[in-house]
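Taking it in order: structure first as structure tokens, then the write-up.
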Amino acid sequence: MAIQLSTVGLTKNFGALCAVKDLDLEIQSGKLVALIGPNGAGKTTVFNLISGFLKPDRGRIHFKGKDITGFKPHQLPKMGLIRTFQLTNNFPNFTVMDNVLLGRHHRTAFTPRTIFYRPPTHEKQEAMGVLHLVGLDTLADEMATNLASGQQKRLQLAVALMAHPELLMLDEPLSGMTPEEINFLLQSIKNVVGKGVTVFLIEHNMKAVMRICEHIIVLDFGAKIAEGTPEYIQQHPQVIEIYLGIDEEKHYA
Amino acid sequence: MHSINTLKMDRQITGSRYFKAGVTVICLVGVFAALVLSGQIALPALILSIIYGVAGGSLYILIALGLTLLFGMMNIIQFSHGAIYMLGAFVVYYFFAKWGLPYAVVLILVFIFLAVFGIFVERFLYRPLRGKLEAALVMFLGLSMLLESSGFLVFGVTLKSAPGVFPGLINFGFISISVERMAIIPITAVLLLGFYFLLYRSRYGKAMRAVSQDTQAAALQGINVHQIRALAFALSFGLAGIAGALVAPMGFIDAAMGARPLLMSIIIIILGGLGSFRGAIIAAIIVGVFESVATVFVGSDIAYLLLFVFVLVFLIFRPAGLFGSA
Amino acid sequence: MLNTKRWSKMALFLCLMIALGLLPLYVDQPYVPHILTTVFINIMLAVSLRCSLITGLFNISHAAFFALGAYGSAILAIQFGIPSGVSLLLGGLIAAFSSLLIGVVILRLRGIYFAMVSIAIVEVIRVALNKGGALTGGYSGLGNIPALTVFGNNITGRDEFYWLGFVLMLITIFVLYRLEIGRIGMTWKAISQSENIAASVGVNIMLYKTIAFVIGSFFAGLAGGFFAYFQGFLGPDTFGFFPSVKILIYNYVGGTALLAGPIGGATLLTLISEPLRGFTYYEVIFFSIALIAVIVFLPGGIITLPQKLRLRKKYGYPT
């Protein structure tokens with residue numbers, strides 16, 4: 001299996017606060033990998049660093065063999081790296097359809113046809129296809145801001161899929177979803193991985209993560225403290241410690 | 001959302017910032033020393049302009065504090081603050097210069113009138129906008145134009161002036177300072193103290209800080225956000241009005257007098273960091289002194305340009321300002 | 001979409017255009033075509049500013065590029081003897097090129113900083129034109145603007161300026177309408193809603209902001225060149241902070257949701273404020289009251305009025 005994404009010595013400081021400390025990670029293509037850790041561990045910072053929204057203080061990032069350290073965020077989708085965001089979900093004043101059409105941006109050639117005319121039918125058909133995958137095709141003309149939060153997350157996934165990712169980085173895709181939606185989304189993610197896309201996600205929903213992920217990386221205070229299969233992680237003493245706490249008497253005795 | 005940095009939060013991250021501010025001050029002192037020693041400027045003139053600069057800076061503090069408070073409340077810069085300053089001066093013109101009321105009384109009247117106006121603006125002009133930022137920006141822009149041109153209409157085009165309140169000069173050996181100008185500093189200090197107590201030692205102040213940090217959370221705690229905002233408006237408008245009232249006896253009054261101080265105050269809060277009171281105060285003094293000294297040298301227009309350039313360059317290296325959060 | 005609603009809107013539009021086009025033939029006194037020509041210029045300015053606004057740029061410098069186009073065309077014709085018709089186009093290009101240089105520096109600034117620097121830009125340019133000496137005529141303005149000749153036709157009469165202005169306005173509206181409909185317009189609107197998401201799907205934010213800024217400035221410059229010949233002389237105080245704000249007001253009073261917004265806003269405000277032109281304070285008071293009233297009572301702008309009235313009729317007045 002080829003190594004699709006790797007970081008070496010990735011470090012980011014915000015003033016005196018070390019958000020990411022010397023992180024080395026490798027993600028093989030076609031795998032479903034999760035990045036977990038308590039709040040404030042630096043997970044979204046890692047995403048921001050990899051996807052170009054933040055510049056690392058030290059370290060290098062390689063994607064598909066190329067050094068992408070310091071690349072601007074808009075240069076990465078062309079290479080196949082797409083990320084979603086935890087908070088700002090979608091374009092609120094656009095319809096669902098328009099949101100998804102935007103996902104096509106880096107794949108759209110700029111011809112007089114695309115510049116001066118409304119989006120062509122084949123683009124819209126493609127969008128409907130993706131919307132069908134996430135179950136939002138009936139809501140295509142709805143304003144994104146009118147959707148329920150679970151639907152907005154699905155829309156986010158649709159937009160990302162429209163961009164034809166090779167590595168899909170999802171930041172908390174399951175937050176705010178009902179159990180049915182979670183099942184549906186997990187199935188969608190598995191389908192996506194089945195098509196050869198690598199999925200790298202941040203999640204707090206441990207049950208879901210343990211259920212579908214093949215590989216888990218655990219972060220705490222910016223440093224990687226464990227990495228491995230779900231079974232291995234579940235038994236790892238340090239992981240248990242950071243999630244469940246420690247017996248203070250024993251620790252500080 | 002930008003929040004007003006509380007003094008406590010500042011202490012955690014101010015280590016290097018005080019250092020940087022200190023370095024800036026030392027550089028400035030060095031520049032001044034060099035200028036004096038090379039004969040470019042006489043020491044008395046330099047000291048005088050620095051002191052007047054501090055007085056000017058104090059005025060800016062009054063305006064900038066209001067701007068910062070409102071920025072914390074609304075996330076935008078309230079463009080009509082300069083017009084408020086102008087209105088304060090005009091109240092002094094009518095009540096003090098024309099109708100002869102005692103100055104102290106007029107100062108209180110200024111605060112009351114402008115505070116009431118602030119409440120009016122919040123209730124009828126800002127509240128209906130439901131927090132839309134662009135609409136609010138545009139609305140305040142419109143308000144500033146309205147106030148200024150109405151000012152010309154009502155007050156006329158000719159420059160007015162008010163008689164001095166504190167006559168005389170203080171002599172410190174080789175320099176003599178006009179008391180009128182110096183009086184600004186203690187008055188501002190008193191107001192600053194009052195402002196501090198209101199904001200950090202009273203329930204209303206706490207409420208204001210809460211609203212500026214997270215409006216929803218504040219509302220959930222039972223704080224009437226609208227009322228608190230109105231209070232913030234009243235306070236800011238009052239302070240700006242007093243700044244105008246303090247300046248009135250010193251120079252000329254006309255309807256456009258607020259434009260320049262507003263621009264300077266905007267530069268100040270950007271320099272100090274949007275949302276930081278501490279930054280606003282320090283930046284106001286720096287800008288006041290810089291303006292005063294540079295005007296002696298190169299004239300006020302070029303001083304203005306220099307200041308602009310300096311702040312622009314500063315922003316490139318430190319976009320958050322002295323004490324701001326990016 | 002071949003639905004009747006769209007076709008009937010188009011038909012209405014076409015009728016209006018034909019009526020406007022034939023107007024000078026049936027109206028004798030020169031005042032009406034003159035003021036309508038001014039309306040056309042203001043429409044060009046308002047619509048071209050829209051490019052920046054829908055990209056999320058609070059651009060208060062638009063009048064600066066209007067000025068650059070005006071002075072550029074005039075100076076090219078006077079000092080360099082360039083044929084007037086060509087100088088019109090070149091005026092637009094000068095404005096566009098300057099906006100490119102300026103934009104590269106200021107477009108990277110965040111929201112409010114950008115707004116304030118744009119105020120600085122327009123004022124600096126105004127002051128520079130004031131101090132331009134013989135080149136720009138300084139405070140007293142630039143006269144001696146030669147007659148306009150386009151494709152061999154002399155444009156001298158009221159009617160002829162009217163038609164040329166009409167054509168230029170139509171070109172502006174047409175081009176910017178199609179841009180807004182297509183990918184570029186959609187990308188601009190996306191940037192104004194969330195730069196992060198846009199970047200995550202491959203949008204080069206800086207590039208698109210620059211395109212919006214430059215294209216808008218080009219049409220402002222074009223309008224400026226036309227204005228120079230139309231008015232016959234240029235005074236630097238026609239361009240500055242307040243004229244820029246006026247163009248913003250055309251957009252906000254008209255409405256920012258549709259292209260019809262700036263068109264309607266410019267038309268309405270120009271026509272209504274016409275008797276006030278020259279009485280500076282009254283004009284400013286009028287514009288500012290109009291702005292505040294619309295912002296507070298009709299936040300979407302005037303174009304939302306028909307929709308609101310329709311809904312009120314249907315569902316009654318809110319209690």
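No lab work stands behind these numbers, since they all come straight from the coordinates. This one's a predicted model, so the numbers in the text were calculated from it and none came from an experiment. Counting neighbours? That spans all protein chains shown, and the Cβs are built from the backbone with ideal geometry, glycine included.
When the Gaussian network model of chain B links Cα atoms closer than 10 Å, the mean-square fluctuations of B:LEU101, B:LEU141, B:LEU271 top out at B:LEU101. Remark: C:ARG158, C:ARG277 ranked as C:ARG277, C:ARG158, counting other beta-carbon atoms within 10 Å and listing the fewest first. When each of the peptides C:252-258, C:33-39 is scored by how many other beta carbons lie within 10 Å of its residues on average, the order from highest to lowest is C:252-258, C:33-39. Going by neighbour counts of Cβ atoms within 10 Å, the residues B:ILE302, B:ILE270 line up, fewest first, as B:ILE302, B:ILE270. Treat every Asp and Glu Cβ in the protein assembly as shown as -1 and every Lys and Arg Cβ as +1, leave all other atoms uncharged, and give the resulting dipole magnitude about the Cα centre to the nearest 20 debye. So the magnitude is around 660 debye.
Note on the protein assembly as shown: antiparallel DSSP beta bridges, both residues inside, total approximately 65 percent of the bridges counted.
Please report, largest first and rounded to whole Å, the three semi-axes of the ellipsoid equivalent to chain C, where each semi-axis is the square root of five times an eigenvalue of the C-alpha gyration tensor. Don't jump to the answer; show the numbers that get you there.
Values: eigenvalues 182, 130, 80 Å².
Taking √(5λ) for each Cα gyration eigenvalue gives 30, 25, 20 Å.
Which lysines have a Cα less than 21 Å from the Cα of B:LYS206, not counting those fewer than 8 places away in the same chain? B:LYS206 reaches B:LYS8.
Across all directions, the shadow cast by the convex hull of chain A built on its C-alpha atoms averages 15.5 square nanometres. Computed from the Cβ-Cβ distance with R0 of 35 Å, the FRET efficiency linking A:LYS78 to C:ARG178 stands at 0.85. Axis of helix A:121-134 versus longest Cα principal axis of chain A: the two differ by about 40°, to the nearest ten degrees. In this structure the amide hydrogen of A:HIS215, modeled in the peptide plane, comes within under 5 Å of the amide hydrogens of A:LEU32, A:ALA34, none closer than 5 places in sequence on its chain. Between the amide H of A:ILE225 and those of A:VAL218, A:LEU219, A:ASP220, distances stay under 5 Å, these residues lying 5 or more places away or on another chain, with hydrogens modeled in the peptide plane. Can you give me the long-range amide H partners of C:PHE233? Hydrogens built in the peptide plane at 1.01 Å from N, cutoff under 5 Å, separation of 5 or more residues or another chain. Residues meeting the amide H criterion: none.
Once the cut-off is 21 Å, how many percent of the Cα-Cα pairs in the stretch A:81-164 end up in the long-distance tail?
24
For the residue pairs B:LYS132/C:LYS9; A:LYS78/C:LYS189; A:LYS55/B:LYS132; A:LYS78/A:LYS124, the alpha carbons lie more than 29 Å apart in B:LYS132/C:LYS9; A:LYS55/B:LYS132. Principal-axis analysis of the Cα atoms of chain A puts helix A:149-162 at an angle of about 70° to the longest axis. Taking θ as phi - 60° and the Karplus parameters 6.51, -1.76 and 1.60, the scalar couplings of the stretch C:87-94 work out to 5, 4, 4, 5, x, x, 5, 4 Hz in sequence order, x denoting glycine and proline. Take the protein assembly as shown, drop everything but the C-alpha atoms, weight them equally and run the Debye formula without solvent; then report log10 I(q)/I(0) at 0.08, 0.09 Å⁻¹ to two decimals. The Debye formula, applied to the Cα set alone, gives -0.88, -1.09. At an R0 of 22 angstrom, the distance between the Cβ atoms of B:VAL313 and C:LEU100 translates into a FRET efficiency of 0.50.
Inverting the mean 1/r over all pairs of different Cα atoms, compute the Kirkwood radius of the stretch B:7-317 and quote it in Å.
Evaluated on the stretch B:7-317, it is 20.3 Å.
Sites listed here are GluC sites (Glu not before Pro) in the stretch A:151-253 whose DSSP assignment is loop and whose Cβ has at most 14 other Cβ atoms within 10 Å: A:GLU214.
Here the label points at A:ASN39 and A:LYS66, each 7 Å from Cα along the C-beta direction, are separated by 3.8 nm in the simple model.
Using C-alpha pairs below 8 Å separated by at least 6 residues, the relative contact order for the stretch B:7-317 is 35 percent. When chain B is treated as a Gaussian network with alpha carbon springs shorter than 10 Å, the biggest mean-square fluctuation among B:PHE111, B:PHE174, B:PHE290 belongs to B:PHE174. The charge dipole of the stretch C:31-236, taken about its Cα centre with unit charges on the Cβ of Lys, Arg, Asp and Glu (plus for the first two, minus for the last two), comes to roughly 400 debye. Could you tell me which helices of chain B pass both thresholds, a Cα extent of 18 Å or more along their own axis and a mean Kyte-Doolittle hydropathy of at least -0.5, with helices taken as whole DSSP H runs? Result, helices passing both filters: B:15-37, B:43-74, B:103-121, B:133-155, B:179-201, B:225-247, B:259-272, B:277-317.
Phi angles of the stretch C:43-57 translate, via the Karplus equation with coefficients 6.51, -1.76, 1.60 and θ = phi - 60°, into HN-Hα couplings of 5, 4, 5, 5, 5, 6, 5, 3, 3, 5, 5, 6, 8, x, 9 Hz per residue; Gly and Pro are given as x.
The Stokes-Einstein estimate for the stretch A:148-252, based on a Kirkwood radius over Cα pairs and taken at 10 °C with 1.306 mPa s viscosity, is a diffusion coefficient of 104 µm²/s.
Each of C:PRO299, C:MET206, C:ILE155 was placed along the dipole of chain C (beta-carbon charges, centred on the mean Cα), and the one lying farthest toward the positive end is C:PRO299. Taking the stretch A:201-227 and a reference point 7 angstrom along Cα→Cβ of A:ASP22, the backbone N atoms nearer than 19 Å belong to A:218-227. Potential lengthening of the chain between C:ARG108 and C:LEU271 amounts to 55.0 nm, from the contour at 0.36 nm per residue minus the alpha-carbon distance.
With R₀ set to 45 Å, the beta-carbon distance separating C:ALA128 from B:ILE26 gives a calculated FRET efficiency near 0.80.
Only lysines eight or more places from B:LYS98 in sequence, or on another chain, were considered; those with a Cα closer than 19 Å are B:LYS160. In chain A, the longest principal axis of the Cα atoms and the axis of helix A:179-194 are about 80 degrees apart.
Among C:VAL214, C:VAL167, C:VAL296, the residue with the largest mean-square fluctuation in a Gaussian network model of chain C, with springs joining Cα atoms closer than 10 Å, is C:VAL296.
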